[in-house]
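The structure under discussion appears below in the form of structure tokens.
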């Protein structure tokens, strides 16, 4: 590899990761940073990214990136999530995709004057949203759970459909015109059957043979690496059988592994998440650096017509036609229709198309740059307007209204439930059968499970419980719970308590990542003893200034009736749910 290619790859990795870190700091999707950085470092800027020098190497990176992204996406899906809105998800995937493809085809044909065959390619690759944009968006905006599920499922399987359909359309690109419909249908069904079959087979082999073998030889830390190798094998093997079936196969394999719920799936998912971040950020920067928008400056009015037409006309029309008659409110349908950012897979498919069709460079350059423009404008709108639109339509889930999962059954948590349950949904989890009996006869959602099993937190998250408080007397266990649950709830939504004073703690996460629930004066074992003796009780109190030592504020009560843990911070005035000690004791 020459120094120019090495410089391009290293620079893309460094810039991409820096953009991701900046997006995390600002809590907004990183796509705009990737696209702008790629253009600035590419031929229209400082010309430091010599992407053309990579040749076929970039194409190989794109295919590997597609496999990793879709495997990670498939593993993030859950059948339980699907049951939240099965009809709406089916409508989005079965109706919105063909309607958007039709709209994109007509726009590119009559606005860009692309030939019909390439117009079909553009229409199929631009069909729906992408997980690389929707995922960060959902993390930055607390939408209602039904909306989250809908957008997430559409982004994963829609991207699969877009890649498969565009690959099929590209296969039939000819100078003479479009192929017969029967031939297209036959190829689509063949890709569908092959992708599903190879994907299920790969998932069965990994889950039934590879993972048990790794556990038997006590090499569980290799599961992430073996899963990556398996994903690439599934992708490549399926592509060998039917060239357009690889993306579907790897997504099906990931979905199968998620459905099997292996106890060590979280380690694999965490490894895949990190790897996909590296590939997504690097590929976005490289592909953005590959593009020179000035090459088609005369067609920019038409390009903007296509991009705006897709976002302002085609997407809303397709969504409303697909979801008319569903259980979704008009506000939810409006939000889905307004937020439709395209992602890395659309750009990768366009890049692949630009290399796969020789002799039509002008049209392919126009297709690629139009795809880039659609991704940029749709991503910019979702990033900047996602929260304001959700707020305007009132589809946000207020942070203080989200459900709380309490881990640990004891006198304190049981009595606390009577007060917290009046404000927000509440659920409990504990390992001990004996402690779980404390909740018998109570109208409470409770699970007697292994509190270190990741499936507990995955299920709770899907049921709408977005916050967790570890309320066990064991400080080390609380920290372990915090580490596990943080992968699903997010570090900012997981809290621990001081179980016992002076007890040594296992430092599994840095102190900066730990949120201590309630105030520093709170100690769980002391609170339990006081409640057992009858020398303490819960009450809602109005605090003015600093609370007394006999009053420990636990939650602040918002004007809307929601709850926010005090989380060790200084308390301000207002209504709080407090633990009040009898001063005479």
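A short reminder: the numbers here are calculations on the coordinates, not readings from a lab. This structure is a prediction, so every number in the text was calculated from the model and none was measured. Positions of Cβ are generated from backbone atoms using ideal geometry, with glycine treated the same way; all protein chains shown enter the neighbour counts.
Just to confirm the number: angle between the C-alpha axis of helix 246-260 and the first principal axis of the chain, 0 to 90 degrees, nearest 10?
For 246-260 against the chain, the angle is about 20 degrees.
What's the whole-number percent of alpha carbon pairs in the chain lying beyond 37 angstrom? Each step should come with its number before you reach the end.
Details: 65844 of 170820 pairs.
For the chain, the share of Cα pairs beyond 37 Å comes to 39 percent.
Modelling each spin label as a point 7 Å along the Cα-to-Cβ direction, I'd like the residue 106/residue 241 distance in nm, to one decimal.
About 3.8 nm separates the two model spin labels.
Kirkwood hydrodynamic radius (Cα pairs, Å) of region 55-171?
Working: mean 1/r = 0.0652 Å⁻¹.
Here the Kirkwood hydrodynamic radius works out to 15.3 Å.
Can you figure out the FRET efficiency of residue 192 with residue 520, using R₀ = 45 Å and their beta-carbon distance, to the nearest 0.05?
Calculated transfer efficiency: 0.20.
Contour minus end-to-end for residue 539 and residue 558, with contour as 0.36 nm per residue of separation and end-to-end as the Cα-Cα distance? Numbers along the way, then the final one.
On the way: separation 19, 0.36 × 19 = 6.84 nm, distance 1.53 nm.
Full extension from residue 539 to residue 558 adds 5.3 nm.
Figure the gain on full extension for residue 226 and residue 418 (residue separation times 0.36 nm, minus the Cα-Cα span) and round it to one decimal in nm. Don't skip to the answer; put the middle values down first.
Numbers: separation 192, 0.36 × 192 = 69.12 nm, distance 4.71 nm.
Residue separation times 0.36 nm, minus the Cα-Cα distance, leaves 64.4 nm.
Estimate the FRET efficiency between residue 492 and residue 320 by the formula 1/(1 + (r/R0)^6), using the beta-carbon distance for r and 22 Å for R0, to the nearest 0.05. Write out the running numbers ahead of the final one.
Numbers: r = 35 Å, r/R0 = 1.59.
After rounding to 0.05, the efficiency reads 0.05.
Give the dimensionless ratio obtained when the Cα radius of gyration of region 109-158 is divided by 2.2 N^0.38 Å.
Details: Rg = 15.0 Å, N = 50, 2.2 N^0.38 = 9.7 Å.
Relative to the rule-of-thumb radius for its length, region 109-158 sits at 1.54.
Give me the one-decimal nm value for the distance between modelled label points at residue 14 and residue 305, 7 Å along each residue's Cα-to-Cβ direction.
Inter-label distance under the simple model: 4.4 nm.
Quick one: angle between helix 524-533 and the longest Cα principal axis of the chain, in degrees between 0 and 90, rounded to 10, please.
Roughly 40 degrees between the two axes.
For residue 215 and residue 384 in one chain, what is 0.36 nm times their gap in residues minus the Cα-Cα distance, to one decimal in nm?
Values: separation 169, 0.36 × 169 = 60.84 nm, distance 4.58 nm.
Gain on stretching residue 215 to residue 384: 56.3 nm.
Relative to the longest principal axis of the C-alpha atoms of the chain, give the angle of the C-alpha long axis of helix 265-290, reported between 0 and 90° and rounded to the nearest 10°.
Between helix and principal axis, roughly 40 degrees.
Could you give the nm distance between label points at residue 575 and residue 204, where each point is 7 Å from its Cα heading toward the beta carbon?
A separation of 5.8 nm, rounded to one decimal place.
Return the FRET efficiency for the residue pair residue 330, residue 6: r is the Cβ-Cβ distance, R0 is 51 Å, and the value is rounded to the nearest 0.05. Spell out each step's value before the answer.
On the way: r = 54 Å, r/R0 = 1.05.
It comes out at approximately 0.40.
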